[in-house]
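Derivation of every value follows stated rules applied to the coordinates shown; laboratory data play no part. If you're wondering where the values come from, they're calculated on a predicted model, not measured in any experiment. Glycine also receives a Cβ, built like all others from the backbone with ideal geometry; neighbour counts cover every protein chain displayed.
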Amino acid sequence: MHSLLILNGPNLNLLGTRQPEVYGAETLDMLENSCIEHAKKLGFQVQCLQSNHEGVLLDAIHAARGQHVGIVLNAGAYTHTSVALMDAIYSVEIPTVEVHLSNIHAREVFRHQSYIARAAIGQICGFGTQGYLMAIDALVQKLTQSSDVS
Ligand code: DQA
């Protein structure tokens with residue numbers, strides 16, 4: 001079974017208690033379980049990883065080569081700062097969908113810039129945890145169309 005990597009960056013381990021008015025009440029565990037269940041229905045398996053450390057996220061993207069056919073990435077605040085994460089996505093050439101729980105374009109100006117967006121196949125933001133499931137749908141559709149998976 002083909003596998004997707006669901007990668008969450010800094011502070012997303014605090015989901016459920018972190019600014020629930022912005023990020024919602026669901027915990028990371030709940031979110032990850034929804035992703036696993038949703039992907040299973042589409043015939044994909046999922047590996048989930050969260051880290052507060054940029055280097056760990058980089059290593060996970062590098063290690064995805066040959067392991068995962070797609071990546072769903074919420075890089076948290078690194079979205080707005082990390083050329084290294086952008087370069088990693090370019091380097092591994094694995095279709096990646098950028099996700100944000102909040103609508104970053106309706107927030108502070110410093111959140112409008114995304115380095116990830118340049119390397120991702122698309123960006124989904126503002127739909128809360130539902131956005132991850134939308135990202136999985138988008139990836140599966142893209143992969144199926146391009147016959148990267150069969
Ligand atoms: C976030 C948006 C980022 O600006 C912020 O730093 C986060 C979460 C989101 O999911 O809405 O940590 O990526």
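Segment 1-59 and segment 99-143 have their alpha-carbon centroids 13 Å apart. One decimal place: the segment ALA77-ARG107 gains 9.5 nm when fully extended, by the rule 0.36 nm per residue minus the C-alpha distance. A Förster radius of 25 Å combined with the Cβ-Cβ distance from GLU37 to VAL149 puts the calculated FRET efficiency at roughly 0.85. Computed over every Cα-Cα pair of the chain and binned at 5 Å starting from 0, the pair-distance distribution P(r) comes out as 2, 10, 21, 25, 22, 14, 5, 1, 0 percent.
In this simple spin-label model, placing a label point 7 Å from the Cα along the Cα-to-Cβ direction at both ALA25 and LYS142 gives a separation of 3.3 nm.
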